[in-house]
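The block underneath contains the structure these notes are about, expressed in structure tokens.
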Amino acid sequence: MSLLRVVLLTVVLMFTSICGANVIWSNPAGSAGLFDWSNGSGTGGLYADPTLIGGDTLTFFPSQFRAESVNASPDSISDGIEFELSAHTGYSFRDISITLQGDYGLLGPGLLDISGILQIQNLDTLEVISGTLASDPVMPIDSGMGSWMGTIYAETGGIDWTNIKVMFNSTLYASSFPGSVAFIEEKVLGSAIEMQIVPEPATLAFLGLGMLLLTRKSRKKIAC
């Protein structure tokens, strides 16, 4: 790990410790087509309140979520969200994906980076899965100007995930050399929730019987 990255991470830890109190959304609970959400809050309030788009995507439009370094003074900023989801009857959660978008620019030599982590907890079993951010262009960036996009994907892997807690955090880093300017900002965050139909007990029994018959058939072939 470079000295520059160590300095940036130290700044992030200081920021997190100062801004640790959660900010409750103005719409901390609500209902979508196939799920309900509750206990919605943010770490520092940069993500503001979500808007439900397309029936299954909680979308945020961050305010002042920007790291800017001028004349060799490094900068970083971090924020997060957490909320709980309950599937409507007959459905369960298949996967959760986070998409982030923003802009960046380097006027002279410098370095820009972003990190993010998504955690999903099954509130019934306390099992936790996680995913990390992949970005386009690949971070860190050391030249140019333009827009960037990041994605995080976490798959529940089972039909029994009907009550979950979603926890997400991202951090922007910017550093520059004397006489240069570097900035990176986050403008949009979307949390897409994909659902699947939970098989009825009769369907599960039928599937189990089918597997049993296939197993017996395979054993008979081996015996012959």
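The values are calculated or read from the model by the stated rules, or taken from the named source; none is laboratory data. As the structure is a prediction and not an experimental result, all values here were calculated from the model. Positions of Cβ are backbone-derived with ideal geometry, glycine not excepted, and every protein chain shown enters the neighbour counts.
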Report task. State whether one or more residues within segment 82-103 are of a type outside the set (Val, Ile, Thr), surrounded by 14 or more Cβ atoms within 10 Å (Cβ to Cβ), modelled with pLDDT of 95 or more and touching a helix residue (DSSP H, G or I) at 6+ places or on another chain (Cβ under 9 Å). Result -> no
Query raised in the report: What number of residues in segment 132-176 are of a type outside the set (A, V, I, L, M, F, W, C) and not in a loop (DSSP other than H, G, I, E, B)?
Result: 17
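More than 18 Å from the chain's Cα centre (by Cα) and either of a type in the set (Asp, Glu) or surrounded by 14 or more Cβ atoms within 10 Å (Cβ to Cβ) (or both): is that true of residue 183 in this structure? Lay out the reasoning, then the answer.
On the way: more than 18 Å from the chain's Cα centre (by Cα): yes; either of a type in the set (Asp, Glu) or surrounded by 14 or more Cβ atoms within 10 Å (Cβ to Cβ) (or both): yes.
Here the answer is yes, as residue 183 does meet what is asked.
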Query - Hits in segment 89-106 (condition: under 14 Å from residue 59 (Cβ atoms) and polar (S, T, N, Q)) - result: 97, 99, 101
Requested in this report: Could you look through segment 58-69, keep only residues that are in a strand (DSSP E or B) and under 20 Å from residue 148 (Cβ atoms), and pick out the one that is farthest from the chain's Cα centre (by Cα)?
Outcome: 69
